[in-house]
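Q: Okay, handing you the structure first.
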Amino acid sequence: MNSNPTSMASSAMPNHYRQPLLQTPFHNRARALSQHDSFVAWAGYTTVDVFTTPEQEYFSVRNATGVFDLTPMVKYRVVGAGAAAYLNHLVTRDVSKLKLHRVMYVVWCNDDGHIIDDGTIFRLGEDEYWLCTAERQIDWLLDAAIGYDVEIAEVTAEVAALAVQGPTSCWVLKQFGLVGVELLKPFELGYFNANGIEIMASRTGFTGDLGYEIWMAPEDAETVWDRLMEVGRTRGIRAIGSQALNALRIEAGFLMPHYDFISSESTIRLGRDRSPLELGFDWLIDFKKGHFNGRRALMAEQASGVKRRLVGLDIAGNKAAHSALLYSDKAGQNEVGNVTSAMWSPTCKRNIALAIVNAPHFAMGATVWAEIYLNRELVWERRMVQAKVVEKPFFAPERRRVTPPADR
Amino acid sequence: MATVNGKSDKYDAIVVGAGHNGLVAACYMQRAGLNVLVLERNDYIGGAAVSRSLYPEFTYSNCSYVCSLLRPEIMRELELPKFGLQIIPYEGGCTMMQDGNHLALYDNHDALRREISRHSKRDAEAYDRYARDVMRQCKFIKPLLLREPPDPTSFKPRDIQELLYIGKRFHGMGEARMYDTIRFWTMSAADFLDEYFESEIVKAHFAGSSIIGTALGPRSPGTAYVLLHHYMGDIDDTVGAWGFARGGMGAVSNSLGASFQASGGTIRSAAPVKQVLVRNERAVGVMLDNGEEIYGSTVMSNLDVKRTFLETMQAKDLPAEFVTQVQKFKIRGSSGKLNIALDGLPTFTAIPKDSPCIRGDLHITDSLDMMERAYDDWKAGRWSQAPYVDMLLPSQIDPTMAPNGKHYMSVFVQYCPYKLADGPWTPEKRKAFGDTVIDAIARQSPDFKSLILHAEIRTPWDIEREVGLSEGNIFQGELTMDQLLFNRPIPGYAQYRAPVKGMYMCGSSTHPGGGVMGAPGHNAARALLRDLKKVA
Amino acid sequence: MAANSNLKTNYDCIIIGAGHNGLICAAYLAKAGKQVLVVEAAADIGGAAATHEFVPNFKVSSAHLLHLMPQSLISELGLEKHGLRLAAQELASTALSADGKHLNLSASGVAAQSPADAASYPVFMARMRRLAGSLSTLFGATAPRLGTTAWSDRFAFLKLGWQIRRLGKKDMRELLRIIGMNVYDLLEDEIHSPALKGALAFDATLGANLGPRAPGTVLTWLYRLTHESANGGKGLSQVVGGMGGLTAALANAARGFGAQIETHSPVARVLVANDRVSGIALQSGHTVVAPIVISSADPKTTFLKLLGPEHLDTGFVRKVHHSRARGVVAKLHLALNKLPSFTGLAPDALSGRLVISPTLDYLERAFDQPKYGAYSPAPAMEITIPTVNDPSLAPAGQHVLSAIIECAPRDLRQGWENAREAYLTELLAQLETYAPGLKDSIVGSELMTPVDIETRYGNQGGHWHHTELAFDQFYFVRPVPGAAQYSTPVSGLYLCGAGAHPGGGVAGVVGRLAAQAVLAKAG
């Protein structure tokens, strides 16, 4: 473990009070395409919320190719003889099963077995990994490294990244010059040289569709963006913003920190954090692999049964149930949970939601009532709408798994 | 004016001292239907929450200087905004280092993270954990501020009920956080900060509030609580709880005074109380310095416990053991204050020219060691040779404080002893103390000295003499474990009632302690009103 | 290397470390019928409570006075039967003064020198002892857990509350006031004589990394007084043969109950299988199987070295990592060719304890230095000349001087390797001012800095209490939450060292309580 002060001393006079948010290497390109000047803060960077309309951007991913600037996603490089053991102790899944050039979706917990964050681990070399996370957390990661032969450093700013997602994404990347990218299986990564530009590509994403994430040096970012847009133009390529991405991930049943759960490292009130069992991540926990953070607490929770669970809901009507409280009865007497993410799914034509529901109302097929408020030209109406606990994901096309993928 | 003895002129309550707590208590009692008189020694009200004009066209908040802790409930219930109180937030803050570097605090989370990252990337991210843990503790303590501390030795239903209330809240935190709380209340600020941060400057910056007003160093156990005590104002969703009172801290007292008078209360300033009158083991009124006697059914003292019981009351009227305990109560002068009129805004070499952090609280220190050494000086009976300063330039934000283009600077200094090892304070020593502070600032600000139009230098001795706070202690008593909660001010007498019937205490000597919080006044008024069966 | 051929492959309990706590724990468990193995890294048993030869034919023990061990423990283990003999008891304490006007700390001694304290000092001390007595449950029983619904925890609180309430309103209020106070203010309030204040504050801060002005130093004093109140009225006593005489008796007792003690057997790892302890691996390569392992090593060594963070959660590891153990006590041993003579001191006082802590401010200033990584040039000391009571420790007519030196930080900024010589010179010079001629009578010496103490005894930080004894590391949070009831997050692993509740010194309470915890859980 590196115990030296982790300062990134800069000799230049700081200017972050003038411009608190950083710009990604794609910023100039994104700004040029952004019709609304609609930017949002994400992990210390300013990124586009909406380029044209969320609907157009959403459909580009479900029908053609959408490009999303992934650079702000926090990345840690974990390297050393103890890296695998370290990661295996950190997360709930068995990282020792992660083969070279593979990617694994993981969650990790505090001592209470409550989720700190979710993310992905990339195995780049024998003893070299990336840990991609939603939140910055070097403090926790370094304390978790006490006793391990491992070095951990944030490399977010050293890498530019784009998500290239949608049915034509493989075709676009082939045209772009990633020779053999079609051979990548889901959660596999590969190294490519696209006409002189070094690119790492992984078949990963946050849309539930066929898609890739490509990783490059920041200085190549603008060239890559320009060439991608150029080769993809005839196949409907579009830059997409975070609003569209949010819709895509809800359909795919992916959870978003701050919406579907809050990191146990940042909750103030007792009982506001969630365990992986509550979030339906039972399949991510490997109790047999040996000790990992939170294991004892999770064993106890599993033995006593979870008190609540995050489930998918299919809600009557077509009005999105944003933040709706859930009841077991239509009269709204017995509160049993609340919606965490909701939308009308344009692809599934269903009114879908992710929700935290108390036992026993989270059982598959159970019925609950959602209290939805509708703004009808400034007159608010309250509706009690029936909702059914259903399987996630709501949308899972076969093409996301097929290797090699079709061109369209 | 009630100057004649007689039943018709007898007050229901006489409050001794028009400090903010005395006024808060007076307001609540008057609003509950009592006929209340407030007596103030000085010819202005406010005690240590005052705005003084000591240099033409400038206004000084010459004692307390920020409004961070005043309970929002009190502001609302006493309608203080209606009577002129307006609180304006200030921005950020900064600690300047001797090597020309600095650590700025910005309200913007991303700017703050990047600023702390300049010193330690790890600390920048540990800051969130730190802020979370402080917030968790604040959430636990906040509801205790406006409650009467229970007597743990008592079997009275009310005490047991209150003990159970605290126990229940404590229990509600869950086992792990209960342990955190116990540790938090007992650790030193240095050890507490060590559990989060690695960078000396980051630790030093956050340790500042752990020593302000306190005769302890950052390495003394118990100072983590003091750190928290200063944070408590900043905790709820009531935006604007932390900031400047527009017009200086006197605006707090003046709005309280106006609220009190509007509800029919009477204030007499320049009316120093010499003695609390006790007849038949009951407080019946007060005698002024000029011999005038004023009668009331109850007397409430806003003075600290030492002044209340050792100076305005006679030992024969009090239990001997109580007097001994009052003598043991620790009230220590450890802070000085400079109020400076400046011809313009000083430049600080460490702070980037356009950084907004200059509109916040400014400090000069490098490390916990430097702050601890400043404390060592105090222990040895001298003012700190490298003092810890808490500077503010309110006139950047509040246009009422100084003429256009000129600035008022408040400099709070830690540490400065009440008693010097080499004999009593003299005007020469006061000037030397001021020079030490001014020189320390001038090392960071080359144009500072040339901008000084006027400087008021206040040692703890001056503060005692002018404001009446024993030893010049701003909290009316140290905030150490032996003087908190049911121990404050005296074990067995933590419920605002003195050992003499009809006599009450409402100063910062009582729970929950100092700072311009108003909670002691609020709680004391409720205790009195409860005794009179005016409230439940 | 180890004579590990004696080892069986299987035990009920293995105890790591044959210091006094490890041996006591072993004796109680063996007495309860457990098959117990004690493994000790060093060549001899005793840990910091051993007697060693520091100069040929001159012997000394690092812990030089016995005063904290409960009489009940000595009786329960039959230590007297097993060879425990006291060379002297109820030793007098003398506060040394540079001007030769030394103060005997007995009531009569104080009355003679400080008439103002004559009446109040005995009253004050009686009250302090009364208050300390009410804390026997606090210091003598397992800390309850907070926030549980277990009746045992609730009962423990009720018992503690009842004991304190039994003091009566007045004493209870006083206890609740002073328990969080600093000893400086308490003594300023109660005592007149500066020398007496200095000496009493020395007792309160002995072994701690806190000066007398630090809140919490009344607690450390109460720790001492509570323990002393249970020692059967022996006061300060000296064991024949040094403290090694006590640990030898403990070892005899443990063996008598059937425990096996192996020296030369440093432990490499605590073994874990299926998330519970399965035994230990010795550095020799030997593996010994046992479902229960009890470590008398300090918490950092136990959790981070012997067990390993991989078996623990990060939040817990973080707490262990941050637990404070910054030793500030050095030990000086002098072999003397004659009995030293202290200016102005009656020779019979040499059989007792001599304290150099002339005033509160002297002591406070001494403690200022370690804060900045420096040693105090004017340290506080506790001196004994054990050979006065026990001539067996040195050749006939010759003597040993044993001094505890306060305010020598483990993490000395300039490094002990560079400072050792200068430090020794300064210490001897200081002693010389009190005992002229001492220097010329020295035939050999040993200076143990906290680094040496750490190296010799293996306690990380070289701290007297393993883990600093302060409110934030006390009772239900000692050494850290989650390991405060001797059991640890890993089933079968227990703590029995000074880092656990109530703390260090040759008291043995931890060893006894840990054994009780093991028996309560394992039956």
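Q: Express the relative contact order of chain A as a whole percentage, based on alpha carbon pairs under 8 Å and six or more residues apart in sequence.
A: Numbers: 922 pairs, mean separation 70.0, N = 408.
Computed over chain A, the figure is 17 percent.
Q: Next question, about the same structure. Which whole-angstrom value gives the distance between the alpha carbon centres of region C:366-421 and region C:183-198?
A: About 25 Å separates the Cα centre of region C:366-421 from the one of region C:183-198.
Q: Kindly provide the GluC sites (Glu not before Pro) of region A:321-408 that DSSP labels as loop, not H, G, I, E or B, and whose Cβ sees at most 15 other Cβ atoms within 10 Å. Don't jump to the answer; show the numbers that get you there.
A: Details: sites: A:GLU335, A:GLU371, A:GLU377, A:GLU381, A:GLU391, A:GLU398; in loops: A:GLU377, A:GLU391.
The qualifying sites are A:GLU377, A:GLU391.
Q: For chain A, rounded, prolate or oblate, judged on the Cα gyration tensor with a ≥ b ≥ c (square roots of eigenvalues), a/c < 1.5 rounded, else prolate if a/b > b/c?
A: Details: a/c = 1.57, a/b = 1.15, b/c = 1.36.
Oblate shape, in that a/c is at least 1.5 and b/c is the bigger or equal ratio.
Q: Note down the magnitude of the dipole of region B:400-536 about its Cα centre, charges +1 on Lys and Arg C-beta and -1 on Asp and Glu C-beta and zero elsewhere, to the nearest 20 debye.
A: 680 debye
Q: If you take each beta carbon of peptide B:187-200 and count the beta carbons of other chains within 10 angstrom, what is the mean? Display every interim value, and only then the final one.
A: Numbers: counts 6, 7, 0, 1, 6, 2, 0, 2, 4, 2, 1, 7, 3, 1.
Mean partner-chain Cβ count within 10 Å for B:187-200: 3.
Q: Cross-link list B:LYS337/B:LYS429; A:LYS97/A:LYS288; B:LYS139/B:LYS168; B:LYS328/C:LYS169; C:LYS34/C:LYS234; B:LYS274/B:LYS533: which exceed 21 angstrom alpha carbon to alpha carbon?
A: Details: B:LYS337/B:LYS429 14 Å; A:LYS97/A:LYS288 13 Å; B:LYS139/B:LYS168 14 Å; B:LYS328/C:LYS169 19 Å; C:LYS34/C:LYS234 32 Å; B:LYS274/B:LYS533 30 Å.
Over 21 Å apart, Cα to Cα: C:LYS34/C:LYS234; B:LYS274/B:LYS533.
Q: To test your reading of the geometry: what angle, between 0 and 90 degrees and rounded to tens, separates the Cα axis of helix C:20-31 from the longest principal axis of chain C?
A: 40 degrees
Q: Let me ask something else about it. Placing +1 at every Lys and Arg Cβ and -1 at every Asp and Glu Cβ, with all other atoms neutral, what dipole size does the protein assembly as shown have around its Cα centre, in debye to the nearest 20? Let's see the in-between values first.
A: Numbers: 148 positive and 150 negative charges, 771 e Å.
Computed charge dipole of the protein assembly as shown: roughly 3700 debye.
Q: Starting from the Cα of C:ALA522, step 7 Å toward the Cβ, then list every residue of region C:237-263 with an amide N under 17 Å from that point.
A: Those under the cut-off are C:254-255, C:257-262.
Q: Want the number for A:ARG269 to A:ARG383: 0.36 nm per residue separation, take away the alpha-carbon distance, what's left? Mind showing how you got there, number by number?
A: Values: separation 114, 0.36 × 114 = 41.04 nm, distance 3.02 nm.
Gain on extension, A:ARG269 to A:ARG383, equals 38.0 nm.
Q: Relative to a virtual label point 7 Å from the Cα of B:LYS156 in the Cα→beta-carbon direction, which members of region B:267-308 show backbone nitrogen distances below 18 Å?
A: Once the point is set 7 Å along Cα→Cβ of B:LYS156, B:282-283, B:298-301 turn out to lie under 18 Å by backbone N, inside region B:267-308.
Q: Sequence gap at least 6, Cα distance under 8 Å: using those rules, report the relative contact order of chain B to the nearest whole percent. All intermediate terms of the calculation are to be shown ahead of the outcome.
A: Values: 1203 pairs, mean separation 130.4, N = 536.
Once normalised by length, the contact order is 24 percent.
Q: Let me ask you something else. Enter the accessible area per residue of region C:93-229 (Å², integer; probe 1.4 Å; all protein chains in place).
A: Values: 4990 Å² over 137 residues.
Here the per-residue accessible area is 36 Å².
Q: Set Lys and Arg Cβ to +1 and Asp and Glu Cβ to -1, take the dipole of region B:124-234 about its Cα centre, and tell me which of B:PRO143, B:LEU193, B:ALA215 lies farthest positive.
A: My answer, from the dipole projection, is B:PRO143.
Q: How about chain C: what cysteines have no other cysteine beta carbon under 4.7 Å from their own?
A: C:CYS13, C:CYS407, each lacking another Cys Cβ under 4.7 Å.
Q: Amide H to amide H under 5 Å from C:VAL293: which residues, 5+ apart in sequence or cross-chain, H placed 1.01 Å off N in plane?
A: Hits under the 5 Å cutoff: C:ILE14, C:LEU493, C:TYR494.
Q: Now a separate question. Please state the charge dipole magnitude for chain B, taken about the Cα centre, from unit charges on C-beta atoms (+1 on K and R, -1 on D and E), reported in debye and rounded to the nearest 20.
A: On the way: 60 positive and 62 negative charges, 303 e Å.
That gives a dipole near 1460 debye.
Q: Here's something else I'd like to know. Residue by residue through A:266-275, how many Cβ atoms from other chains fall within 10 Å of the Cβ on average?
A: Values: counts 5, 2, 9, 5, 7, 2, 0, 0, 0, 0.
That average works out to 3.
Q: Separation between the B:LEU345 and A:GLU188 pseudo-spin-labels, each 7 Å from Cα along Cα→Cβ, expressed in nm?
A: The answer from the label model is 6.1 nm.
Q: Next up: When you look at the Cβ of every residue in A:18-26, what mean number of other chain Cβ atoms sits within 10 Å?
A: Working: counts 5, 3, 10, 4, 2, 0, 0, 0, 0.
Mean shielding by partner chains, rounded to a whole number: 3.
Q: Restricting attention to chain B, give the cysteines that have no other cysteine Cβ less than 4.7 angstrom from their Cβ.
A: Cys with no partner Cβ under 4.7 Å: B:CYS27, B:CYS63, B:CYS67, B:CYS138, B:CYS416, B:CYS506.
Q: Mind giving me the nanometre distance, one decimal, between the label points for C:ASN57 and C:LEU428, set 7 Å out from Cα along Cα→Cβ?
A: Each label point is offset 7 Å from its Cα along the Cβ direction, giving 2.1 nm.
Q: Can I ask one more? Where in region A:14-34 does the label zone of A:GLN56 land, with the point 7 angstrom along Cα→C-beta and an amide N cut-off under 13 Å?
A: Residues A:33-34 fall inside that zone.
Q: Turning to a different aspect of this structure: Name the GluC sites (Glu not before Pro) in region B:234-323 that are in a loop by DSSP and that have at most 15 other C-beta atoms within 10 Å, would you? Display every interim value, and only then the final one.
A: Numbers: sites: B:GLU281, B:GLU292, B:GLU293, B:GLU311, B:GLU321; in loops: B:GLU281, B:GLU292.
In loop regions of region B:234-323 (DSSP not H, G, I, E or B), the sparsely surrounded GluC sites (Glu not before Pro) are B:GLU281, B:GLU292.
Q: Please compute the length gained on full extension between A:TRP283 and A:GLN35, using 0.36 nm multiplied by the number of residues separating them and subtracting their Cα-Cα distance.
A: 85.1 nm
Q: Sort out for me the Cα centre separation of region A:84-101 from region B:356-416, rounded to whole Å.
A: Answer, in whole Å: 51.
Q: Could you tell me which GluC sites (Glu not before Pro) in region A:116-203 are loop residues by DSSP with no more than 16 other beta carbons within 10 angstrom of their beta carbon? Write down the numbers at each step before the final one.
A: Details: sites: A:GLU126, A:GLU128, A:GLU135, A:GLU151, A:GLU154, A:GLU158, A:GLU182, A:GLU188, A:GLU198; in loops: A:GLU126, A:GLU135.
Here the GluC sites (Glu not before Pro) that fit, given the DSSP loop and packing criteria, are A:GLU126.
Q: With both partners inside the protein assembly as shown, how many of the DSSP beta bridges are antiparallel, as a percent to the nearest 5?
A: Numbers: 165 of 212 bridges.
Around 80 percent antiparallel, to the nearest 5.
Q: Same structure again: Among C:233-244, B:150-161, how do they line up from the highest to the lowest mean number of other beta-carbon atoms within 10 Å?
A: Values: C:233-244: 21.3, B:150-161: 15.1.
Highest-to-lowest ranking by the protection proxy: C:233-244, B:150-161.
Q: Here's something else I'd like to know. How many angstrom lie between the C-alpha centres of region C:500-523 and region C:107-162?
A: So the separation of the two Cα centres works out to 20 Å.
Q: Something else now. Taking 7 Å along the Cα-to-C-beta vector as the label spot, tell me the C:TRP162-C:LYS439 distance in nanometres, rounded to one decimal.
A: Taking the two extended label points, one gets 6.2 nm.
Q: Could you tell me which residue out of B:VAL413, A:LEU87, B:PHE433 lies farthest along the dipole of the protein assembly as shown toward its positive end? Charges go on the beta carbon: Lys and Arg +1, Asp and Glu -1, centred on the Cα centre.
A: The listed residue farthest towards the positive side: A:LEU87.
Q: Along the charge dipole of the protein assembly as shown, which of B:GLY360, B:ALA455, B:MET97 sits closest to the positive end, that is, farthest toward it, with unit charges on the beta carbon of Lys, Arg, Asp and Glu (+1, +1, -1, -1)?
A: Checking the options against the dipole of the protein assembly as shown, the answer is B:GLY360.
Q: Rg and Dmax of the protein assembly as shown, Cα atoms, in Å?
A: Over the protein assembly as shown's Cα set, Rg and Dmax evaluate to 35.1, 106 Å.
Q: Could you work out how far helix C:509-522 tilts from the main Cα principal axis of chain C, as a 0 to 90 degree angle to the nearest 10?
A: Helix C:509-522 sits at roughly 20 degrees to that axis.
The values are calculated or read from the model by the stated rules, or taken from the named source; none is laboratory data. All figures in this text were calculated on a predicted structure; none of them were measured in a lab. Quick reminder, even Gly has a Cβ in these numbers, built from the backbone with ideal geometry, and neighbours come from all protein chains shown. Accessible surface is based on the protein model in full, side chains and every heavy atom, while ligands, DNA and RNA are left aside. Shrake-Rupley method; radii C 1.70, N 1.55, O 1.52, S 1.80 Å.
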